[in-house]
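For reference, the structure discussed in these notes is given below.
The values are calculated or read from the model by the stated rules, or taken from the named source; none is laboratory data. All values derive from a computational prediction rather than experimental measurement. Ideal geometry is used to build each Cβ from the backbone, glycine not excepted, and the neighbour counts take in all protein chains shown. Accessible surface is based on the protein model in full, side chains and every heavy atom, while ligands, DNA and RNA are left aside. Shrake-Rupley method; radii C 1.70, N 1.55, O 1.52, S 1.80 Å.
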Amino acid sequence: MSLSKLSSTLTGLGVASAALLAPVIAFAQTAAPAAADAAATAVAAAPVPDKGDTAFMFISTILVLFMLVPGLALFYGGLVRSKNMLSVLMQCTVIGATVMLIWVIYGYSFTFGGGTSPYWGGTAKMFLSGVNMNSTAATFSKGVVIPEFIFILFQMTFAAITPALIIGAYAERIKFSASVLFCALWVTFVYFPIAHMVWDANGFLFGLGALDFAGGTVVHINAGIAGICGALLIGKRTGYGKDMMAPHSMTLTMVGASMLWVGWFGFNAGSNLEASGGAMLATVNTFVATAAAIISWSLVETVTRGKASMLGGASGMVAGLVAVTPAAGIVGPMGAIALGLIVSPLCYFFVSVVKNKFGYDDTADVFGVHCIGGIFGALATGVFASASLGGVGYVGEGNNMGHQLYVQAIAVLTTIVWCGVGSLILYKVVDVIVGLRVTVEAEREGLDLASHGEAAYHSS
């Protein structure tokens, strides 16, 4: 009821009643404008997204998409034999598209839904409930926000590329349907919980103080463990160790790796969520860590093989990017260079020595580069975050390098166990539903023709 209607009603009841309630009316007439002013002040005080930050996050999001298609697709495509080129391109494309839909339906809610559980975000934001053009997401600076839509999309690209990384481990022998189904289940039961634990304010590992700026645990260790589990369960490619299985196009692999490096600036700098000095620190580190890793891998190959290869250069490029990912906005440039110099010999050892020693068939060295590089990067972040080594310093009163290393180790072990157990179960489930492996005949023919009815190349 409006004040005018209330006054008219009281007048109709009689002068005595109106006089009796006159103070109430007067208070209401005074309080209503005051309440309106307070509401207006509250609205005015609400933080408004900065257009520069929004544009920066939009560009970062598109760059991460560029990492997936065409970057990762071409990188992996060049590493397989020509008869399986389209198979890899299709898996990257369809898995990415599938996860994008899953993300907006329930993945965003499961990860960042605002629930208080340390292991998942709840269902409050399923189907993007409550998200609109005016809703915002917090950044790392007090009072600074970005549109929630762009935060959703940025995190969506992370969720889309991570399972696509897995396929490099078992390329050239898995069923297309099995690959897509596994990745859909994997993001649901492995990726979303790990991402929540690491990046959500209520997450288990976030609460412990684990440092993972852009996805060392969430993306690289996660994908690497799932990849090696798949490679072991599905088995070696037919003719592995006997037939020629060299990459069919190092040119395309180099093109794809270069696209990954370019896109990775969105991956790392964008994880700052603001166009500020922190984003520029991540940018510098993404440059120098990668450069150091390329040089380091090339030197190791020169010493051990007598020649530096293009495959080694591309592998070093990716290894450096992987290692700096968890540390990008946390360590200083000299620390980033140290990460790049150390990670390449470590990954090279696993790719050339450990892999041959144990005889597993990891087609694109997902375990040797992403998992090992991710583990090293996650642990080394705890070291080079130290202010004495040029990093931003440790968060929390009394925190030191020893404590941070302990927390980083817990984060690494949690990811390995959660992903390892979950991935093994999901592979078995997929095997029961559709079967994991193609027939020997289909594998010999090539998955391009057997699974998709087309060929990547035609002779003139």
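Numbers below:
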{"read-out": "Size of electric dipole in the chain: Cβ of Lys, Arg +1 and of Asp, Glu -1, about Cα centre, debye, nearest 20", "value": "540 debye"}
{"read-out": "Base-10 log of normalised Debye intensity for the range 76-163 (one unit scatterer per alpha-carbon) at q = 0.24 Å⁻¹", "value": "-1.17"}
{"read-out": "Over 21 Å [Cα-Cα, the range 99-212], rounded percent", "value": "40 percent"}
{"read-out": "The chain - Rg and Dmax from Cα coordinates, angstrom", "value": "26.8, 107"}
{"read-out": "Extension gain, residue 262 back to residue 123 (0.36 nm per residue minus Cα-Cα distance, nm)", "value": "46.5 nm"}
{"read-out": "Given charges at beta-carbon only (K, R positive; D, E negative), |dipole| of the range 130-243 in Debye", "value": "400 debye"}
{"read-out": "Portion, in percent, of the accessible area of the chain that falls on carbon or sulfur, probe 1.4 Å", "value": "70 percent"}
{"read-out": "Angstrom value of the Kirkwood radius, inverse mean 1/r, which spans all Cα pairs in the range 356-437", "value": "15.4 Å"}
{"read-out": "10 Å Cβ shell holding at most 12 others, DSSP loop, chymotrypsin sites (Phe, Trp or Tyr not before Pro): longest site-free stretch of the chain", "value": "141-456"}
{"read-out": "Stokes-Einstein diffusion coefficient of the range 218-340, Kirkwood radius over Cα pairs, 37 °C, 0.692 mPa s, in µm²/s", "value": "206 µm²/s"}
{"read-out": "Using a Förster distance of 25 Å, the FRET efficiency for residue 55-residue 141 (Cβ separation, nearest 0.05)", "value": "0.90"}
{"read-out": "Label point distance in nm, residue 97-residue 425, each placed 7 Å from Cα along Cα→Cβ", "value": "3.1 nm"}
{"read-out": "Label-point separation in nm, residue 457 to residue 309, each point 7 Å along Cα→Cβ", "value": "1.8 nm"}
{"read-out": "Accessible surface, per residue, of the chain when the full set of protein chains is kept, probe 1.4 Å, Å²", "value": "42 Å²"}
{"read-out": "Relative contact order, percent, the chain [alpha-carbon distance under 8 Å, six or more residues apart]", "value": "21 percent"}
{"read-out": "Stokes-Einstein D for the range 200-287, Kirkwood Rh over Cα pairs, 25 °C, 0.890 mPa s (µm²/s)", "value": "149 µm²/s"}
{"read-out": "Whole-angstrom gap from the range 344-409 to the range 175-207, using each part's C-alpha centre", "value": "21 Å"}
{"read-out": "Residues of type lysines that residue 142 reaches as a straight line, Cα spacing below 28 Å, ignoring anything fewer than 8 places off in the same chain", "value": "51, 125"}
